[in-house]
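The values are calculated or read from the model by the stated rules, or taken from the named source; none is laboratory data. Please read all numbers here as calculations on a predicted model, not as lab measurements. Quick reminder, even Gly has a Cβ in these numbers, built from the backbone with ideal geometry, and neighbours come from all protein chains shown.
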Amino acid sequence: MHKVTPDSASAASAQPSPLGALDNLFSIARPSAVYSEAVTAHDQTVITASEVSVSMGFGFGSGGDRRADVDQQGSGGGGGGRSNARPVAVISIGPGGVRIEPIIDVGRIVLTGLATFGALLLVRAARRPRR
């Protein structure tokens, strides 16, 4: 059973530090995230290679309401980040040599094609003369 102490209660309610969050994001971009550990079965060794990306953003602002009956000022800021990894290739090592086989994401290809088609339709509609 866990006993709640003042120190543990304050630690549980504490917000993560921005630097800690940044460290967590960049901990994804390490070599073991890009290349998996080798798996060997019989005379074949297989390693997967992944694409790893990290993105983040932040912003700050201030402003106020200066109507005749109200004079309020405020400011704030925020930020966030994301990390993503997806397999892109399989490296096979065996008696016949080394082979690198790409992993083709058919869903991504179809989605890109649909988005491109939609963008072309929008451009065409925008260039059409109005009556």
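One table, with the values for the structure above:
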quantity	calculated
Odd one out for V123, checked against (1) part of a helix (DSSP H, G or I); (2) under 28 Å from the mean Cα position of the chain (by Cα)	(2)
Filter pass, V46 being at pLDDT 90 or above and among the hydrophobic types (A, V, I, L, M, F, W, C)	yes
Lone qualifier among R99, R124, R86 - being within 30 Å of G20 (Cβ to Cβ) and among the charged types (D, E, K, R)	R86
Test: A119 is at pLDDT 90 or above and surrounded by 10 or more Cβ atoms within 10 Å (Cβ to Cβ)	yes
Members of segment 27-43 found to be closer than 15 Å to S83 by Cα and either modelled with pLDDT of 80 or more or more than 18 Å from the chain's Cα centre (by Cα) (or both), listed by number	V34
Those residues of segment 76-99 which are surrounded by 11 or more Cβ atoms within 10 Å (Cβ to Cβ) and among the aliphatic types (A, V, I, L, M), in sequence order	A85, V88, A89, V90, I91, I93
Residue match in segment 9-17 (condition: loosely packed, with under 12 Cβ neighbours inside 10 Å, modelled with pLDDT of 65 or more and farther than 27 Å from E101 by Cα)	yes
Selection count where residues are free of Cβ contacts under 8 Å to residues at least 40 places away in the same chain and at negative phi, scope segment 87-99	5
